[in-house]
Amino acid sequence: MIKEKELKEALRFVEQCSSAVVLGHENPDGDAVGSSLGLALMLEDKGYRVTVSFPEPLRIPHRYLFLPGAEKLQTPEGISDCEILFAVDCANPDRLDLFRDFIPKCRAVINIDHHPDNTMFGTVNLVDHEAAATAEIIYAVGPQIGLRISKDAALCLYTGIVTDTGRFQFSNTREETLRIASEIVHMGVDPSYVYENVYQSDSLEYVRLLGKVLSEAVFEKESGLIYAVVTRADLDEFGVNMEETEDLIDALRTLKGHRIAAIFKELKDGRIRVSLRSRNDVDIGSVARKLGGGGHRVAAGYVSSKSTIEDALLELKGAIGVD
Ligand SMILES: [Mn+2]
């Protein structure tokens with residue numbers, strides 16, 4: 001629940017200022033992109049000068065580039081000042097990378113997020129752990145902090161909600177989520193338009209890579225862990241960018257009887273990023289936090305401290321208590 005006092009504070013800052021930077025987290029997902037663009041459009045409608053940015057390297061998954069305002073996305077370079085910094089879908093300032101140094105220069109940091117481990121780093125914290133997506137919070141609080149929601153902004157927010165709820169199927173989907181989605185559809189946003197752009201936009205190269213990765217997935221029946229690996233060599237062989245593999249983990253989750261799904265991805269710098277998903281009875285967020293990452297109860301991730309996939313797998317098994 002967001003406190004009345006926080007909403008009043010946010011409203012006061014929004015009314016007093018006229019320029020803002022809207023910032024999402026590194027490796028942006030649909031909620032980070034949709035929330036940032038939606039909020040940016042709402043601020044522009046109010047006459048704000050707005051910059052939307054993400055920490056370097058700025059790699060927005062292709063499937064989100066259809067969103068209104070996507071052409072506004074820019075790298076942090078050249079952004080030197082603003083009155084309000086809106087941090088969107090970021091649990092802590094570390095996820096803002098370079099922008100940490102920027103924070104003291106702003107009049108206010110408005111922290112809008114739904115991660116359970118949010119550190120409340122804002123001047124104002126509009127944080128609601130119950131919300132399925134940050135986009136859901138922006139939709140709900142927008143009018144209360146003096147911002148109007150246009151159809152274009154609603155389309156961005158809808159995309160954030162659809163992607164963070166796995167198309168309204170994950171356990172974070174609540175009555176409020178569907179109510180908001182239905183209001184957005186009432187405003188004229190077409191769910192199938194979002195579906196086509198977000199979920200029917202894979203390249204043939206990716207579809208083939210998916211086939212390879214799935215054919216080599218390992219399922220350990222005892223523990224219910226299913227895992228797969230995406231190496232640099234795979235990406236090179238198939239001609240795929242890592243950003244395109246964001247939803248690959250969902251393909252593992254269709255397996256009957258699994259409890260935890262994990263994907264090990266070899267990053268450009270050689271480190272290994274691990275994405276985790278779980279059934280509701282396993283708190284995978286706390287596993288990720290133990291290993292230096294973060295996330296939600298059923299969707300989380302971290303960058304492994306190990307340098308090989310084998311060691312990273314052992315590290316993960318140790319943390320979830322499986323051998
Ligand atoms: Mn989110």
Problem - Percent RCO, i.e. relative contact order, over the range 1-137, from Cα pairs under 8 Å lying at least 6 residues apart - result: 27
Problem - Pairwise label distance in nanometres, R279 with F66, each label 7 Å out on the Cα-Cβ vector - result: 3.4
Practice task
Return a whole-number percent for the relative contact order of the chain, with Cα pairs under 8 Å and 6 or more residues apart as the contact set.
Solution key: 13
Practice task
Would you compute, from DSSP H runs of 4+ residues alone, the mean residue ellipticity of the chain at 222 nm, taking -39500 (n - 2.57) per run and dividing by the full residue count, rounded to the nearest 500?
Solution key: -10500 deg cm²/dmol
Fill in the blank from the handout: Quick note on D113, D202, D101, ordering by fewest other C-beta atoms within 10 Å, gives D101, D202, D113
Completion exercise
Under a Gaussian network model of the chain whose springs join Cα atoms within less than 10 Å, the largest fluctuation of E266, E196, E44 belongs to E196
Fill in the blank from the handout: In a Gaussian network model of the chain with springs linking alpha carbons closer than 10 Å, the residue among H296, H115, H258 that fluctuates most is H258
Problem - Sparsely packed trypsin sites (Lys or Arg not before Pro) within the range 258-313, loop by DSSP, other Cβ within 10 Å at most 10 - result: K268
Exercise for the section: Using the number of other C-beta atoms within 10 angstrom as an exposure proxy, rank R63, R148 with the fewest first. Expected result: R148, R63
Practice task
Determine which lysines satisfy two conditions relative to K212: a Cα distance under 22 Å, and not lying fewer than 8 residues away in the same chain.
Solution key: K221, K256, K265, K268
Handout entry: Segment K212-S171, extension gain: residue separation times 0.36 nm, minus the distance between their alpha carbons
Key = 11.9 nm
Problem - Considering only the chain, percent of DSSP beta bridges that pair antiparallel, nearest 5 - result: 40
Handout entry: Rounded FRET efficiency, nearest 0.05, which uses the C-beta distance separating K290 from F219 and R0 of 25 Å
Key = 0.60
Exercise for the section: Using only Cα atoms, find the angle between the long axis of helix 204-215 and the longest principal axis of the chain, and express it within 0 to 90 degrees, rounded to the nearest 10. Expected result: 50
Fill in the blank from the handout: Rounded to the nearest 10, the angle in degrees between the Cα long axis of helix 30-45 and the longest principal axis of the Cα atoms of the chain comes to 10
Practice task
Under a 10 Å cutoff between Cα atoms, tell me which one of N111, N280, N172 has the largest fluctuation in the Gaussian network model of the chain.
Solution key: N280
Fill in the blank from the handout: Counted neighbours (other Cβ, 10 Å), sorted fewest up, put L235, L178 in the order L178, L235
Handout entry: FRET efficiency for S201 and Q16, using Cβ-Cβ distance with R0 set to 35 Å, rounded to 0.05
Key = 0.30
Handout entry: Contour minus Cα-Cα distance for M120 and M187 (0.36 nm per residue)
Key = 20.9 nm
Problem - Tilt relative to the chain, helix 309-320 - C-alpha long axis, 0 to 90 degrees, to 10 - result: 70
Handout entry: Euclidean distance of C-alpha centroids, the range 1-42 and the range 216-231, integer Å
Key = 38
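Each reported figure results from applying straightforward, stated rules to the coordinates on display, with no laboratory input. Quick caveat: nothing in here was measured; it's all calculated off a predicted structure. FYI the Cβ positions are ideal-geometry reconstructions off the backbone, even for glycines, and counts take in every protein chain you see.
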